[in-house]
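Accompanying notes for the structure given below.
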Amino acid sequence: MKQSILKAILPVALFSLCFAVSSAQAATSVGKAIISIGKVVTVSQDGAEKKLKRRGKVYEGDTIKVGNKSRVQLRFVDNQLVVLKANTVFRIDEYKFKDKNDKDKSAALSLLKGGMRSITGVIGKKPSDKYKVKTPVATMGVRGTHYVIQICDGNCGEGIQGIVGTVLEGQIVMGNDGGSQTFGTDQFFNVPSQDEPPKTITNPPTVLISRATTSNGDDVPVDGDGSTEGDGDTLVIDDTVVFTAGEEPLTTTTGTIDPAAPVTFIQGTAAPNGALIALAGISPGIDGAGGTVGQEGNNALIDIATINMVGNQPVSAFILDPMGSAAFAVITGSVATEIGGDGMLGVNWGRWNNGTFDFKDDGVTTSLLDPGFAFVYSDNDTLPSTLTTFMSTNTYNLTAGPSIRDESGAIVSGSVNFTADFSTQSITAFGGTLAGNGRTYTGLNLISPVSFTALASGTELDLGGLCTGGICSAGLSLTGTAGVGFVGPGAEGAIGYFGLNDATGTVGVSGAGLFTAATPPM
């Protein structure tokens, strides 16, 4: 299945499942944090305050407060994406969504302070949809939109008050006591006060434009979320992945990279369109899963190289979507091991070892606890149109790939599988049993089904499991993620990743490999 832009390894802090929850949190969540950096808290309707970590749930009535030098990215149940900048206060007044055919679906949000950026989901795609964002000076409606809005607090330039914003795609309607106006793609606007009408502006304030510096010193616009922390943003320039040194050394488990010293990465060439890789590694404080990256259009998101006469080995990948970026690259001197492949399905795999592996997520660098990561690559993805022709339910078993590892690098073995229901076009089950290093991992169970469409848009499979024995003692609850992408002309296989870890992020297990169907889909 061609997947446009999915996940790379991203920071995550998992919460324990053992604590009591308030009545507000017992309700159905309306979204979750997929990136949380710095000080981010939620305040529920009953006043309970809780730190919002990655994969933490959000609910109707929650107020989200983002501290200084912090940010959070939310994904809502209808696939809306929202980035909240530093020093922002945001409230979820209402969020109603069952499915895309739900006639009563609606979203009412409030930006009370700071700034936000959003790509609307299912809610807001049609003019009839009820989607509103309230600000102190105006209320906004949308029409299938990607937009940025900022409340001015002395940061919008001389003489600019109220709110400013821009439309990157689609349309928005801003309205207040002074009137209303529609703004379209590439327009900037200002609403000075509740009594003054919205107006177009031609010289946008710098608060709406973020800039970074390329390796040759040229300024280029990037994220647009107002954050320009100098810790090494990664940019796509001339279809090449370019890494720039940050202001601070990159401390890793295998040493410290001095940003003043040259770092040489293995050079590759762009993978063909439709190519897909799955990655898996363990890092302190992040989930053990890793992720998948898909080659989209003419962008060189994946670079591959021939190492020791073996081709199709991914040496770098870059994700740049409207909500942010993530990247990895393999440093020269790293060693590829456990190389293998399946020629019939067009899949190969391996594991990078003995190198310094840093994963960058929106400029934040995270190092691998186990200094290595597994990869699986294929440019033989199954066409989405083919998937819709099947009506069977099929089990896919992990049959090949690099070794599964825990956070110490110890090899773990066992069985892992998932179930695809082609009649509903969804992954309905995931599970497995693993053992190694004195521990046993059971469960790896899928918390709720995920559609093929959602997987293609970046939604991960949420997992839960249990670790017993060894360092896990009587038992540690685990949470994590997985992802799959079908390969072969008839979805005979899938490449995928999985991983789970405990609430502290210090115990985990992860793997990536080739899953093959027990019987062909029909």
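Set side by side, the residues G511, G485, G493, G436 differ, and just one is more than 22 Å from T395 (Cα to Cα) and of a type in the set (G, A, S), which is G436.
Of F452, F498, all but one fail to be within 19 Å of L383 (Cβ to Cβ) and among the hydrophobic types (A, V, I, L, M, F, W, C); the exception is F452. Scanning segment 128-156 for residues that are closer than 19 Å to P197 by Cβ and of a type in the set (A, V, I, L, M, F, W, C) yields V133, V137, A138, M140, V142, I149, I151, C152, C156.
Of the strands (runs of 3 or more DSSP E) lying entirely inside segment 452-522, those containing at least 2 residues that are in contact with a helix residue (DSSP H, G or I) (Cβ under 7 Å, 6 or more places away or on another chain) and either surrounded by 20 or more Cβ atoms within 10 Å (Cβ to Cβ) or modelled with pLDDT under 95 (or both) span 476-487. Mind listing whichever residues of segment 318-358 are β-branched (V, I, T), at pLDDT below 75 and surrounded by fewer than 17 Cβ atoms within 10 Å (Cβ to Cβ)? Across segment 318-358, the qualifying residue is only T332. Pairs are defined by a Cβ separation below 6 Å, a sequence spacing of at least 6 or placement on different chains, a first member in segment 411-425 that is closer than 18 Å to V487 by Cβ and in the same structural domain as T382 (by TED's automatic domain parsing), and a second member that is in a loop (DSSP other than H, G, I, E, B) and of a type outside the set (S, T, N, Q); the pairs so defined are F422/F390; F422/M391; F422/P521. A count restricted to segment 84-107 and to residues that are modelled with pLDDT of 85 or more and either under 18 Å from H146 (Cα atoms) or polar (S, T, N, Q) (or both) stands at 7. Count of segment 424-435 residues, restricted to those that are in a strand (DSSP E or B) and more than 21 Å from E338 (Cβ to Cβ), is 7.
Selection of segment 421-434 for residues being touching a Gly at 6+ places or on another chain (Cβ under 9 Å) and loosely packed, with under 15 Cβ neighbours inside 10 Å yields only T433. Within segment 176-196, is there a residue that is in contact with a helix residue (DSSP H, G or I) (Cβ under 9 Å, 6 or more places away or on another chain), among the aromatic types (F, W, Y) and farther than 22 Å from V77 by Cβ? For segment 176-196, residues in contact with a helix residue (DSSP H, G or I) (Cβ under 9 Å, 6 or more places away or on another chain), among the aromatic types (F, W, Y) and farther than 22 Å from V77 by Cβ: present.
The values are calculated or read from the model by the stated rules, or taken from the named source; none is laboratory data. The model shown is predicted, which means the values in this text are computed figures rather than measured ones. Neighbour counts are summed over all protein chains in view; Cβ atoms, including those assigned to glycine, are modelled from backbone coordinates with ideal geometry.
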